[in-house]
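Report on the structure given below.
Derivation of every value follows stated rules applied to the coordinates shown; laboratory data play no part. Treat the numbers as computed from the prediction; the structure is a model and nothing was measured. Note that we place each Cβ from the backbone using ideal geometry, even for glycine, and neighbour counts take in every protein chain shown.
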Amino acid sequence: SQQGEEDPQALSIQEGENATMNCSYKTSINNLQWYRQNSGRGLVHLILIRSNEREKHSGRLRVTLDTSKKSSSLLITASRAADTASYFCAARDTGGFKTIFGAGTRLFVKA
Amino acid sequence: NAGVTQTPKFRVLKTGQSMTLLCAQDMNHEYMYWYRQDPGMGLRLIHYSVGEGTTAKGEVPDGYNVSRLKKQNFLLGLESAAPSQTSVYFCASSLGGSLETQYFGPGTRLLVL
């Protein structure tokens, strides 16, 4: 089974609203990353948070990490139509070189 | 600087045929990866490489082989394609180390009939 699992599977909001996506994972991690995928394209890295960090910001993105609950959240503030995409969390485990991706959250931002 | 490129973009195969997917990166990255993405699922790691001449199995390696003869190239082979291998294949590369960001190619859509 996959290590990262996102919630919700799909999210539809109005432009200007905030979007929150959650991710859970199963084992000890080195870091957790969030990626965006536009339809028919490859994944693009958004932000990385290390296991010893609790919160990180990058522009309109805010990521939190709770290692005790093995969960992370991605907040996109003041969303735009261009934010419409699928968002994946990816957990890098401590045991090796692999990064395990979740199934993704599909975000639709209505103009 | 093209980043990560993949060849071909789209291919249709008949069951039992073979093919090779090519991934190339021009960022001098040590690590390279092959993933497959199926509807409703995240990316699953097929094989990866931590340097020229090395390869290792990922989550779903069965039915695939890989080679990393040159640092910039990572080849994924299907010796005898099966309908279950219909998927979108993504290659990625990273500098190396535990905090690295992966850079993805645009993907190859493969349909096995």
Margin query: Being closer than 18 Å to A:ASN18 by Cβ and surrounded by fewer than 20 Cβ atoms within 10 Å (Cβ to Cβ): is that true of A:ALA85 here?
Written below: no
Next item on the list: Mind checking which strands (runs of 3 or more DSSP E) fall wholly inside region B:1-41 and carry at least 2 residues that are within 13 Å of B:GLN72 (Cβ to Cβ)?
Entry: B:4-7, B:19-25, B:31-37
Check: Are there any strands (runs of 3 or more DSSP E) wholly within region A:33-111 with 2 or more residues that are of a type in the set (Ser, Thr, Tyr), and if so which?
Finding: A:71-76, A:85-93
Note to self: Looking at A:THR27, A:THR67 in this structure, which one is over 13 Å from the mean Cα position of the chain (by Cα), hydroxyl-bearing (Ser, Thr, Tyr) and closer than 24 Å to B:TYR33 by Cβ?
What the structure shows: A:THR27
Checklist line | Residue in region B:33-45 that is touching a Cys at 6+ places or on another chain (Cβ under 8 Å) and either more than 10 Å from chain A (Cβ to nearest Cβ) or among the charged types (D, E, K, R) (or both) present | finding: yes
Check: Based on what the data block shows, is A:THR27 more than 10 Å from chain B (Cβ to nearest Cβ), assigned to a loop (DSSP other than H, G, I, E, B) and not basic (Lys, Arg)?
Finding: yes
Note to self: So, in region A:39-70, exactly how many residues are on the phi > 0 side of the Ramachandran plot and either in contact (Cβ under 8 Å) with a residue 40 or more places away in the chain or touching a Leu at 6+ places or on another chain (Cβ under 9 Å) (or both)?
What the structure shows: 1
Next item on the list: Select from region B:49-92 the residues that are among the aliphatic types (A, V, I, L, M), surrounded by fewer than 16 Cβ atoms within 10 Å (Cβ to Cβ) and in a strand (DSSP E or B) and list them in ascending order.
Entry: B:ALA56
